[in-house]
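Reading through the structure tokens given below for one structure.
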Amino acid sequence: MNIADAYSLPKLWRRMKIVGCCEVIEERLDTSMIPSTRSERERNKTARRRPVIENLCVQRGYRRFGIGAALVRECERTVRRCWGQDEIFAQVDEDNIDAYNLFRKCGFACLFTDRTCTKVLLNDVLLTKQVAVTKRMMRKILKDQ
């Protein structure tokens with residue numbers, strides 16, 4: 001890239017559209033205590049901070065084009081190279097079969113089901129409500145690349 005290209009980037013960004021996103025958080029997790037409650041897994045002395053992919057989403061009209069898998073691969077690459085981790089986890093709502101299948105296709109295996117999770121729902125007038133939800137915790141061992 002040269003200086004002329006750098007000046008044209010803002011114009012390019014204005015034409016771009018975000019069609020997918022996700023986040024990677026660090027969660028204290030002890031995988032030797034499966035199954036157990038979330039608080040037990042976090043309190044155990046052998047629990048350590050582990051990277052967890054959450055809230056992966058792709059806009060409806062852009063699904064089935066490999067965008068979700070590309071986001072997962074980028075999370076894996078970042079966790080491996082920048083964080084120095086050799087495993088990555090994903091937390092998926094139990095009823096989200098498409099997300100579960102995406103992570104399975106990307107090499108994740110279901111580790112346990114967590115019935116102690118909650119999520120916040122937003123209604124039409126921007127009021128929130130916290131509800132109980134069951135999530136699957138999935139894991140993938142990252143290989144050297």
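Structure above, values below:
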| read-out | value |
| --- | --- |
| Any hit, the stretch 88-96, residues being touching a Lys or Arg at 6+ places or on another chain (Cβ under 9 Å), at pLDDT 95 or above, among the β-branched types (Val, Ile, Thr) and closer than 24 Å to residue 133 by Cα | yes |
| Residue ID - nearest to residue 69 (Cα to Cα), chosen from residues in the stretch 115-137 that are loosely packed, with under 14 Cβ neighbours inside 10 Å and of a type in the set (Lys, Arg) | 119 |
| Looking only at the stretch 73-89, and only at residues there that are free of Cβ contacts under 8 Å to residues at least 40 places away in the same chain and at negative phi, the one that is surrounded by the fewest Cβ atoms within 10 Å (Cβ to Cβ) | 82 |
| Boolean, residue 112 is crowded, with 18+ Cβ neighbours inside 10 Å, among the hydrophobic types (A, V, I, L, M, F, W, C) and in contact (Cβ under 8 Å) with a residue 12 or more places away in the chain | no |
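The values are calculated or read from the model by the stated rules, or taken from the named source; none is laboratory data. The structure displayed is predicted, hence computed values, not measured ones. A quick note on method: Cβ atoms are made from the backbone with ideal geometry, for glycine too, and the neighbour counts reach across all protein chains shown.
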